[in-house]
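Structure, as structure tokens:
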Amino acid sequence: MDLERLLADRLAPAFAAVAGGPVDPAVRRSQHADFQSDAALGLARRLGRPPREIAAEVRERAALADLCAAVEVSGPGFLNLTVSGQALGGLVSAMAADPRLGVPAVAGPETVVVDYSGPNVAKEMHVGHLRSTVIGDAAARTLEWLGHRVLRANHLGDWGTPFGMLIEHLLDLGEAGAAQELSMGDLDGFYKAARAKFDDDEAFRERSRRRVVALQGGDPATLRLWRLLVTQSESYFLTVYDLLDVTLTGDDFRGESSYHDQLAPTVEELDRLGLLRRSDGADCVFPPGSVGRDGEPLPLIVRKSDGGYGYPATDLAALRHRTGALGATRLLYVVGLPQRRHFEMVFAVGALAGWLAAPVRAEHVGFGSILGPDGRMLRSRAGGSVKLVELLTEAVQRATALARERNPELSEAEAAEVGRAVGVGAIKYADLSGDRHKDYVLDWERMLSLDGNTAPYLQYAYSRVRSIFRRAGAAARPDADVSRPDAEVSLAEPAERALAIELVDFAAVVEEVADGLEFHRLTAYLHRLAVAFNAFYERCPVLRADGPVRESRLVLCELTGRVLRQGLDLLGIRTPERL
């Protein structure tokens with residue numbers, strides 16, 4: 001258990017006894033002690049007593065003798081709490097002995113569907129796909145590590161009217177020529193050429209329209225050509241995911257096409273439930289509270305006036321399938337904030353239909369945009385979308401050059417490995433270290449800096465830990481990723497205490513992040529830990545210390561390395577041994 005919660009649990013009965021009912025002890029970190037409670041200030045008016053008097057009575061009633069070395073009333077009525085070195089050392093020792101670093105697996109695991117990335121077939125992935133892929137993968141990694149059954153869903157755009165023109169363009173090129181062009185990754189060129197013909201050539205447009213009818217009608221020859229487009233695109237997507245080092249695989253592709261046969265049954269169920277209304281020839285659901293700018297009710301169109309289905313119907317069919325056939329109780333949709341209204345309406349319809357009845361819930365994990373140095377949407381020099389592969393390649397090249405400059409002794413293979421870990425890690429960390437609801441500016445110099453709240457700073461702290469064990473030799477347990485059941489920790493120096501307090505907070509942070517999916521809270525914690533470790537490293541000699549002090553400090557180093565590695569792994573960021 002983390003210290004903040006442990007102290008709050010000890011104070012809660014004392015506050016309840018004084019106040020005559022439950023009170024939040026409001027325990028927080030403090031600059032004046034290890035922790036501070038200001039709950040007495042809020043009780044003063046309610047009880048008609050001075051807050052210092054209340055705080056003093058709570059201090060007398062609270063069972064803190066085995067946990068705190070000092071409990072003092074300060075200022076207008078704060079309780080300053082200083083944890084004893086023995087209690088803190090015991091918590092660190094228990095954490096070091098735990099393979100899971102004090103983070104228990106969940107008692108009631110859920111089936112969680114994480115819907116993320118979602119590129120379109122026959123289109124290259126661009127910078128706009130980065131945030132969904134990175135945030136979604138961090139969510140999947142974190143929830144999976146906690147013991148949930150995580151189902152990754154890569155909701156590909158692989159169906160609809162554009163595929164008529166794409167298949168016809170494929171036939172014009174010839175299957176072999178089209179396959180070669182697509183296998184080289186020039187999906188944008190393929191799509192743009194098809195679009196240009198569709199816009200300029202009436203005969204091509206007519207062929208494309210007929211091909212859409214054939215595709216939707218299940219024509220075997222058309223389906224085979226469509227599958228060729230999908231297969232080549234999926235192969236390209238997998239190369240990007242490999243470069244980005246995310247956990248999505250070919251088994252996670254869930255194209256819009258996979259729900260095609262479920263669209264009519266989904267709409268029929270909505271009709272049986274009395275939720276459909278006819279509006280301008282279309283079948284719609286009007287979720288309560290959804291209104292447009294004009295104040296009129298806003299419909300979710302599930303079947304268009306021509307009998308076709310749009311993406312709202314696909315999203316509803318997917319939701320129905322995930323909660324029904326898959327038995328998921330938590331659905332995460334990692335999609336940009338501009339889609340917030342759409343998902344609010346889809347979830348509202350899901351609730352009306354009974355597909356989202358407690359404990360089942362759906363969450364839109366929204367996020368802002370990536371901006372260029374000018375504060376506008378990030379664009380290429382030509383004014384188009386920045387291709388994701390180009391962005392990642394530039395990050396790796398920049399990081400590799402920095403690695404060679406910083407450590408000329410690295411071999412080419414080692415420099416390449418470090419460059420990839422640091423470059424890709426820097427991209428991911430920049431994305432995850434800010435509030436995901438906000439936009440952020442892509443700044444290479446800041447992202448790759450060894451100072452500040454960056455991935456390289458944390459990776460450098462980890463490599464520092466590893467260097468200690470390399471210098472200490474095998475006898476000092478150079479494997480810093482294995483639990484240590486015989487660990488004994490003594491904390492005499494302020495820097496040791498500061499590091500220990502950060503270490504034991506790990507479990508609480510992971511729990512908070514798993515609930516709210518605010519990954520900047522985890523990055524902020526890891527940065528605080530790295531800062532505390534670097535201060536400890538500068539002020540507390542490890543290998544030159546004697547006997548028990550040396551062993552205790554090695555445990556602190558070892559545990560810091562394990563937490564940094566595990567925390568960064570939850571974010572999808574590698575930790576190289578040398579930097």
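Considering each of ALA70, ALA12, ALA44 in turn, give the residue that is more than 30 Å from ARG553 (Cβ to Cβ) and at pLDDT 95 or above.
Step by step, each of ALA70, ALA12, ALA44 is checked, and only ALA12 is more than 30 Å from ARG553 (Cβ to Cβ) and at pLDDT 95 or above.
Consider ALA194 carefully, then state whether it is over 30 Å from VAL418 (Cα atoms) and either touching a Pro at 6+ places or on another chain (Cβ under 9 Å) or not in a helix (DSSP H, G or I) (or both). Answer is yes for this residue. Take ARG361 and decide whether it is within 29 Å of the chain's Cα centre (by Cα), basic (Lys, Arg) and at pLDDT 95 or above. Yes: the conditions hold for ARG361. Here is a check on your reading of the model: is TYR241 in contact (Cβ under 8 Å) with a residue 40 or more places away in the chain, over 20 Å from LEU166 (Cα atoms), in contact with a helix residue (DSSP H, G or I) (Cβ under 8 Å, 6 or more places away or on another chain) and aromatic (Phe, Trp, Tyr)? Yes, satisfied.
Could you say whether any residue in segment 23-31 is within 37 Å of the chain's Cα centre (by Cα), surrounded by 13 or more Cβ atoms within 10 Å (Cβ to Cβ), farther than 12 Å from GLY75 by Cα and of a type in the set (Val, Ile, Thr)? For segment 23-31, residues within 37 Å of the chain's Cα centre (by Cα), surrounded by 13 or more Cβ atoms within 10 Å (Cβ to Cβ), farther than 12 Å from GLY75 by Cα and of a type in the set (Val, Ile, Thr): present. Only one entry of LEU7, LEU64, LEU11 meets the criterion of being in a loop (DSSP other than H, G, I, E, B) and open to solvent by less than 70 Å² (accessible area, probe 1.4 Å), and that entry is LEU64.
Residues of segment 133-153 that are in contact with a Ser or Thr (Cβ under 7 Å, 6 or more places away or on another chain) and crowded, with 24+ Cβ neighbours inside 10 Å: THR133, GLY136, ASP137, ALA140. Among the residues of segment 123-174, those that are outside any helix (DSSP H, G or I) and of a type in the set (D, E, K, R) comprise LYS123, GLU124, ARG149, ARG152, ASP158.
Scanning segment 387-436 for residues that are more than 17 Å from TYR457 (Cβ to Cβ), open to solvent by less than 20 Å² (accessible area, probe 1.4 Å) and in contact (Cβ under 8 Å) with a residue 60 or more places away in the chain yields LEU388, LEU391, LEU392. Cβ-Cβ contacts under 6 Å between residues 6 or more apart (or on different chains), taken from a first residue in segment 84-108 that is exposed (fewer than 15 other Cβ atoms within 10 Å of the Cβ) to a second residue that is of a type outside the set (Asp, Glu) and modelled with pLDDT of 95 or more, are listed as ALA105/GLY147; VAL106/LEU146; VAL106/GLY147.
Could you please find all residues in segment 339-353 being assigned to a helix (DSSP H, G or I), of a type in the set (A, V, I, L, M, F, W, C) and open to solvent by less than 70 Å² (accessible area, probe 1.4 Å)? Across segment 339-353, the qualifying residues are PHE343, MET345, VAL346, PHE347, ALA348, VAL349, ALA351. Within segment 346-375, residues that are closer than 14 Å to LEU300 by Cβ reach partners that are assigned to a loop (DSSP other than H, G, I, E, B) and not aliphatic (A, V, I, L, M) with beta carbons closer than 6 Å, at six or more positions or on different chains, in the pairs ALA348/PRO287; VAL349/PRO287. The set of residues in segment 252-291 being part of a loop (DSSP other than H, G, I, E, B), within 32 Å of the chain's Cα centre (by Cα) and surrounded by fewer than 15 Cβ atoms within 10 Å (Cβ to Cβ) consists of PRO288, GLY289.
The values are calculated or read from the model by the stated rules, or taken from the named source; none is laboratory data. From a predicted model like this one, the values you see are computed outputs, not experimental measurements. Please note: Cβ atoms are built from the backbone with ideal geometry, for glycine as well, and neighbour counts cover all protein chains shown. Accessible surface areas use protein heavy atoms only, side chains included; no ligands, DNA or RNA. Shrake-Rupley method; radii C 1.70, N 1.55, O 1.52, S 1.80 Å.
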